[in-house]
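Student: I have a structure here, written as structure tokens, and I will follow up with some questions on it.
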Amino acid sequence: MPRILAIDYGIKRTGLAVTDELQIIASGLTTIPSETAIAFLKDYFSKENVSKVLIGEPKQMNGEPSESTAVIEKFVTQFKEVFPDMTVIRVDERFTSKIAFQTMIDSGLKKKQRQNKGLVDEIAATILLQDYLTRKMI
């Protein structure tokens with residue numbers, strides 16, 4: 001069974017998470033500079049069988065698009081041009097960074113480790129993916 005990849009695209013950094021081959025467990029993959037995302041994904045897709053990609057959709061509390069929406073929409077357009085056969089699913093990413101940060105606290109990471117914004121992005125992508133998997137199984 002192919003994997004599912006989640007992308008938490010940001011202006012500077014992009015967090016990535018992926019499922020196991022049975023699509024049961026979401027795990028953090030890495031955090032990369034956002035400008036390298038397409039090149040990284042080309043390489044990754046050439047090595048791994050991925051059937052769909054979740055891309056976070058930033059929204060404000062009232063459901064309106066956030067200030068980073070334009071940057072992410074530009075990435076989504078580029079992604080679809082480069083990978084036209086890949087299924088793209090947009091998912092609400094509200095609160096994922098806050099949940100990721102709280103997860104870091106709850107897991108006992110020291111303050112210095114919690115300041116690693118790349119790790120926050122990777123955990124946020126993992127939360128997006130695990131939430132999708134949970135909803136899919138219900």
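Student: Does any residue of region 38-46 turn out to be modelled with pLDDT under 95 and either more than 19 Å from Lys136 (Cα to Cα) or not in a strand (DSSP E or B) (or both)?
Tutor: no
Student: Are any of the residues in region 22-29 within 17 Å of Thr134 (Cβ to Cβ), of a type in the set (Ser, Thr, Tyr) and at pLDDT 90 or above?
Tutor: Yes; the residues of region 22-29 include at least one that is within 17 Å of Thr134 (Cβ to Cβ), of a type in the set (Ser, Thr, Tyr) and at pLDDT 90 or above.
Student: Please go through region 1-25 and give me each residue that is crowded, with 20+ Cβ neighbours inside 10 Å and within 11 Å of the chain's Cα centre (by Cα), ordered by number.
Tutor: Hits for region 1-25 are Ile4, Leu5, Ala6, Ile7, Asp8, Tyr9, Gly10, Thr14, Gly15, Leu16, Ala17, Val18.
Student: Another question, if that's okay. Within region 41-57, which residues are surrounded by fewer than 17 Cβ atoms within 10 Å (Cβ to Cβ) and either small (Gly, Ala, Ser) or in contact with a strand residue (DSSP E or B) (Cβ under 7 Å, 6 or more places away or on another chain) (or both)?
Tutor: Ser46, Glu48, Asn49, Ser51, Lys52
The values are calculated or read from the model by the stated rules, or taken from the named source; none is laboratory data. Please read these numbers as outputs of a predicted model, since none were measured by experiment. Here Cβ is always computed from backbone atoms with ideal geometry, including for glycine, and neighbour counts include all displayed protein chains.
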